[in-house]
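The values are calculated or read from the model by the stated rules, or taken from the named source; none is laboratory data. Fair warning: this is a prediction, and the values are worked out from it, not measured in the lab. Don't worry about glycine lacking a Cβ; one is built from the backbone with ideal geometry, like all the others, and counts go over all protein chains shown. These accessible areas exclude ligands, DNA and RNA; they are computed on the full protein's heavy atoms, side chains included. Shrake-Rupley method; radii C 1.70, N 1.55, O 1.52, S 1.80 Å.
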Amino acid sequence: MKRYLFIVLGLVVLGFVFAMQPVRKRSQRKKTQAVQQDKRVYLVHADKLYYDQYRNDGAQVLVGRVHFRHVGANLYCDSAHFYEQTNSFEAFGHVKMQQGDTLRLTSDYAYYDGNDQLAQARHNVVLKHRRTTLYTDSLDYDRLYSFGNFFEGGKLVDGKSTLTSDWGEYHTDTKIAMFYYDVRLKDDKMFLTTDSLHYDTRTSRAHIIGPSHIDSGSSHIYSENGYYNTRTEESELFGRSVVEDQGRTLVGDSVFHNAKNGTNYAYWNVILTDTVNKTMLTGDYCEYNDSTGYAMATKRAVAVDFSQKDSLFMHADTFKIYTFNNKTDSVYREMHAYNKVRAWRIDVQAVCDSLVYTSQDSCMTMYRDPIVWNQGQQLFGELIKVYMKNNKLDWAHVIGQAFSTEQMPDTVHFNQVSSREMKAFFQDGQMHETQAIDNVQVVYYPVDDSDSTLIGLNYTETPMLKMFLENRKMKRIWMEKPKGTLYPMTQIPPEKYFLPQYAWFDYIRPLSKQDIFNWRGKKAGSELKEQKRRERPRNIKPEQ
């Protein structure tokens, strides 16, 4: 009995399920029909309507305050041809499409396809989306994918920025404009020209694609790939972009430029050129500030001076340039190079730990074991100062443990001068006078003019020495109260060949502009020993 009741109950439930299935299908069909009906274009109002099946391609003719509604949008015009069978219409005169509170499209004429939700607006077209306005003469706006494309010239106004091109697109969902051919973006601070540009109206950020030029104030930018923010005036530039400003040019694989505060940051294969001062900085990282004149280079950094016929190449861990009294008549600059400085020019080479050059007195000061070479001559001391005049070497000053060495043609013998300090004076780049001051010791090899053989070794001590040269050869010499001995070549005492300070650092000398990157320090024990200066006795007062 129980089994029978269970079977009956199951059949009743099963019959109820089958009975409900047509109802569900009918309900789903009604919903589908309702959705389809929602996609129809509805005529809300027209002052006058007439229809002639033989005229106007079978369209209903609507005249006066025409109003359509379609999928959340309202469309208005002066008159229209309504094609109900194809779910479309043509609108004439004061055409306006309004979608919510954020989008409005106006034109003189439009064709609207309700199935594809596509509006083709023509003549005096204006698309206004929030604070962005697009002006053109021909625009196709796709409501399904929320974008419009123009193809007969367009102008996009976004706040203070105006963007124009021959054709392009504007996406109302992402708020991104894509403009192509003869693209121009400008505001009251900059002017950008290119052939391809993507512009984000939300962030006021332009994406540069292809050869582009940006002019802002006194600066000019060339880039083929990068970003520019019209709101912050910041640029992110890639692919050997170039930033120029008042005779200075910055090139790098990546360059970040801020036109508002004048800062520039560049990475990898960077070249900063100053055509006014005829200098150049290179490295894998550089900074430059247009407003303050500050510059810095590091990571395989090189400073190049091309003010002379032959360029001077200098390498250090870091270079920094400071500008004082910038943009005034009393402007001057200081360049600081520190940690393992090596310099090369075809006629002069130098090595030191650090140096400072100031344009105020055109002086370059070399610190900590500085060495300078000129052909067969070598000069070192505790401190070396080199003064320039009209971009040419004027005079040099070696302070503390000054030592000058000249290698003779036989490469075995060396002329040597040792003193507390030395001075060298130049004319047209040629040394014409040298001075050795205080505790002067000299080892000198006179040469027989007839056969260029060495006569002997002249060892001299004097408080003061002056040598006058002409065409790199000694013309005359002057010494104060000299004491010396001339030894024939066969009778030279072994201890007289070299002064106590003698050292020949040919293994350190830079050999080429590529060799400046190869640091070679002095051998252990050959560094200059620090000399303590005698202090003034405490019971003696200084002169007033």
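See the values below:
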{"item": "So residue 299, is it open to solvent by 60 Å² or more (accessible area, probe 1.4 Å) and either in a strand (DSSP E or B) or modelled with pLDDT of 95 or more (or both)", "result": "yes"}
{"item": "Residue match in region 61-75 (condition: at pLDDT 95 or above, open to solvent by 60 Å² or more (accessible area, probe 1.4 Å) and closer than 16 Å to residue 121 by Cα)", "result": "no"}
{"item": "Region 359-373 - residue that is part of a strand (DSSP E or B) and without any contact (Cβ under 8 Å) to a residue 24 or more places away in the chain and, of those, least open to solvent (accessible area, probe 1.4 Å)", "result": "365"}
{"item": "Which numbered condition residue 391 fails, given (1) open to solvent by 40 Å² or more (accessible area, probe 1.4 Å); (2) without any contact (Cβ under 8 Å) to a residue 40 or more places away in the chain; (3) of a type outside the set (A, V, I, L, M, F, W, C)", "result": "(2)"}
{"item": "Test: residue in region 166-173 that is touching a strand residue (DSSP E or B) at 6+ places or on another chain (Cβ under 8 Å), more than 21 Å from residue 124 (Cα to Cα) and of a type outside the set (A, V, I, L, M, F, W, C)", "result": "yes"}
{"item": "Selection count where residues are buried (at least 16 other Cβ atoms within 10 Å of the Cβ) and either touching a Cys at 6+ places or on another chain (Cβ under 6 Å) or not acidic (Asp, Glu) (or both), scope region 230-248", "result": "9"}
{"item": "Residues (free of Cβ contacts under 8 Å to residues at least 40 places away in the same chain and either of a type outside the set (Val, Ile, Thr) or open to solvent by less than 50 Å² (accessible area, probe 1.4 Å) (or both)) located in region 263-278", "result": "263, 264, 265, 266, 267, 268, 269, 270, 272, 273, 274"}
{"item": "Qualifying positions in region 270-313 - within 26 Å of residue 238 (Cβ to Cβ) and among the basic types (Lys, Arg)", "result": "299, 300"}
{"item": "All positions within region 166-184 that are of a type in the set (Val, Ile, Thr), outside any strand (DSSP E or B) and within 31 Å of the chain's Cα centre (by Cα)", "result": "174"}
{"item": "Among the candidates 264, 225, 258, 269, residue that is in contact with a strand residue (DSSP E or B) (Cβ under 7 Å, 6 or more places away or on another chain) and over 30 Å from residue 178 (Cβ atoms)", "result": "269"}
{"item": "Qualifying position, being farther than 28 Å from residue 444 by Cα, open to solvent by 30 Å² or more (accessible area, probe 1.4 Å), under 30 Å from the mean Cα position of the chain (by Cα) and of a type in the set (A, V, I, L, M, F, W, C), among 356, 341", "result": "356"}
{"item": "Any chance residue 412 is part of a loop (DSSP other than H, G, I, E, B) and of a type in the set (A, V, I, L, M)", "result": "yes"}
{"item": "Some residue of region 288-300 being in contact (Cβ under 8 Å) with a residue 40 or more places away in the chain, among the small types (Gly, Ala, Ser) and farther than 30 Å from residue 501 by Cβ", "result": "yes"}
{"item": "Single match in 185, 163 (criterion: out of contact with any Gly (no Cβ under 9 Å at 6 or more places or on another chain), under 18 Å from residue 231 (Cβ atoms) and not hydroxyl-bearing (Ser, Thr, Tyr))", "result": "185"}
{"item": "Residue in region 111-127 that is over 29 Å from residue 55 (Cβ atoms), under 44 Å from the mean Cα position of the chain (by Cα), modelled with pLDDT of 95 or more and in a strand (DSSP E or B) present", "result": "yes"}
{"item": "Residue in region 40-49 that is outside any helix (DSSP H, G or I), loosely packed, with under 15 Cβ neighbours inside 10 Å and within 56 Å of the chain's Cα centre (by Cα) present", "result": "no"}
{"item": "Extreme residue, nearest to the chain's Cα centre (by Cα), among residues of region 141-165 that are under 20 Å from residue 121 (Cα atoms), among the charged types (D, E, K, R) and open to solvent by 50 Å² or more (accessible area, probe 1.4 Å)", "result": "155"}
{"item": "Count of region 103-132 residues which are under 14 Å from residue 73 (Cβ atoms), in contact with a strand residue (DSSP E or B) (Cβ under 6 Å, 6 or more places away or on another chain) and open to solvent by less than 70 Å² (accessible area, probe 1.4 Å)", "result": "12"}
{"item": "Residues located in region 226-250, provided they are part of a strand (DSSP E or B) and either in contact with a Pro (Cβ under 7 Å, 6 or more places away or on another chain) or among the polar types (S, T, N, Q) (or both)", "result": "229, 235, 241, 249"}
{"item": "Residue in region 319-337 that is open to solvent by 40 Å² or more (accessible area, probe 1.4 Å), farther than 21 Å from residue 246 by Cα and at pLDDT below 90 present", "result": "no"}
{"item": "Selection within region 436-470 - in contact with a Leu (Cβ under 7 Å, 6 or more places away or on another chain) and without any contact (Cβ under 8 Å) to a residue 40 or more places away in the chain", "result": "436, 440, 445, 447, 456, 458"}
{"item": "Residue count for region 169-192, restricted to those that are under 20 Å from residue 223 (Cβ atoms) and either open to solvent by less than 40 Å² (accessible area, probe 1.4 Å) or not β-branched (Val, Ile, Thr) (or both)", "result": "15"}
